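Here the structure comes first, spelled out in structure tokens, and everything after it is commentary.
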Amino acid sequence: MSGVRRGRKPSDRVCFTLNKSVEEMSGYSNLEHGKGARQAKKWYDKGTVERTFKPGDLVLVMATIKPNKLAASWMGPPDTVIIQISETNYRVSFPNRREKSQIFHINLLKLSQKGRNCKCRIERTFGEGSLKEKCTPEELGELERVLNRHRKLFSNDPGRTDLIEHNIVLISDQHIRIRPYRTSPRQTEILKQEIKRMLDLGVIEVGESYFSSPLILVEVPGKDQRPCIDYRKLNSVTRAEYFPLPNIEERVKAVASAKYITVIDLTKGYWQIPLSPQAQKYAAFSTPFGSYRPLTMPFGLLNAPYCFSKFMATLSQV
């Protein structure tokens, strides 16, 4: 017997009705989803500011720090915007990199603000803080006159002692030569500035040696970046010396009953101790842009702490 049973709908009509119901519900779902998305965008964009860059603008780029791939920071010096690719993407030039330009999202760019040049007059005062509470105006005036009379002793530039000289004695005939570490353009620029500062202070000189240790840039979040020489290989073939280091508890106990305690911090204390000609050759270091010899005792040498402690003991007996 052919045909459809009485009381039942044909299968094609059932499928048609079902598809129509699905389309209607899908439309309602898309409509509600659109309302929710617009509401979420409204709250997400609350407080945002529309930003645009013009070709030629100097910008800073948000990038990861090389020693720590999970940390990001604004990198300089400022780079130049070449062209706007889309509503949110810009092409930025990098003249000192292998890739001369790169595309960045606007959220990774920040306009570089150049500060105004201004002249300030700075006067050193001694009547502030605890001194003002514990000293009379006459005593503060006397202290200021003493400091002005000996201002060369309170300079920010390190001096040079003639009481001691640091020497390096090796226990092996092995020549330590390590290639300079690779650095980013930003790190190279910082190292060049630090090298120039050390040359101006006279603590290093341009020169080559058959010994060479690499110079690295130590970057610690929240602290100033500082260059350090990796002397681990040189220290492994250096004869160790010993001089007793001061005990802090004994020093505190010695001055505990004093009425006045004077604390003086040396400016770059290690740099005030000269190196012997032999030590200058052994302590030579290299960078991607040149080789140098230290004229004073750098940080990182095996016997540097003991030499400095010996210097302080000798100085206290003079």
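Tabulated values for the structure
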{"quantity": "Efficiency of FRET between THR52 and ARG226 - r from beta-carbon atoms, R0 45 angstrom, step 0.05", "calculated": "0.75"}
{"quantity": "Computed FRET value (nearest 0.05) for ARG91 with SER112, which takes r as the C-beta separation and R₀ as 22 Å", "calculated": "0.85"}
{"quantity": "Sequence-distant residues sharing a close amide H with SER101 (under 5 Å, placed H)", "calculated": "PHE94"}
{"quantity": "Spacing of the two label points (7 Å from each Cα toward its C-beta) at LYS42 and PHE154, in nm", "calculated": "6.4 nm"}
{"quantity": "Acute angle (nearest 10 degrees) that the helix 11-44 long axis makes with the longest principal axis of the chain, alpha-carbon atoms", "calculated": "30 degrees"}
{"quantity": "Label point distance in nm, TRP74-LEU315, each placed 7 Å from Cα along Cα→Cβ", "calculated": "4.0 nm"}
{"quantity": "Total charge dipole magnitude, the chain, about the Cα centre, Cβ charges on Lys, Arg, Asp, Glu only, Debye to nearest 20", "calculated": "1740 debye"}
{"quantity": "Two-site FRET efficiency, LYS196 against ASN30, from Cβ-Cβ distance with R₀ of 45 Å, rounded to 0.05", "calculated": "0.10"}
{"quantity": "When each of LYS41/LYS114; LYS233/LYS253; LYS152/LYS259; LYS100/LYS233; LYS114/LYS152 is checked by Cα-Cα distance, pairs over 31 Å", "calculated": "LYS41/LYS114; LYS233/LYS253; LYS100/LYS233; LYS114/LYS152"}
{"quantity": "P(r) histogram, all alpha-carbon pairs of the chain included - 10 Å bins from 0, percent", "calculated": "4, 15, 17, 18, 15, 11, 6, 4, 4, 3, 2, 1, 0"}
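Each reported figure results from applying straightforward, stated rules to the coordinates on display, with no laboratory input. Here the structure is a predicted model, which means the values were calculated and not measured. Ideal geometry is used to build each Cβ from the backbone, glycine not excepted, and the neighbour counts take in all protein chains shown.
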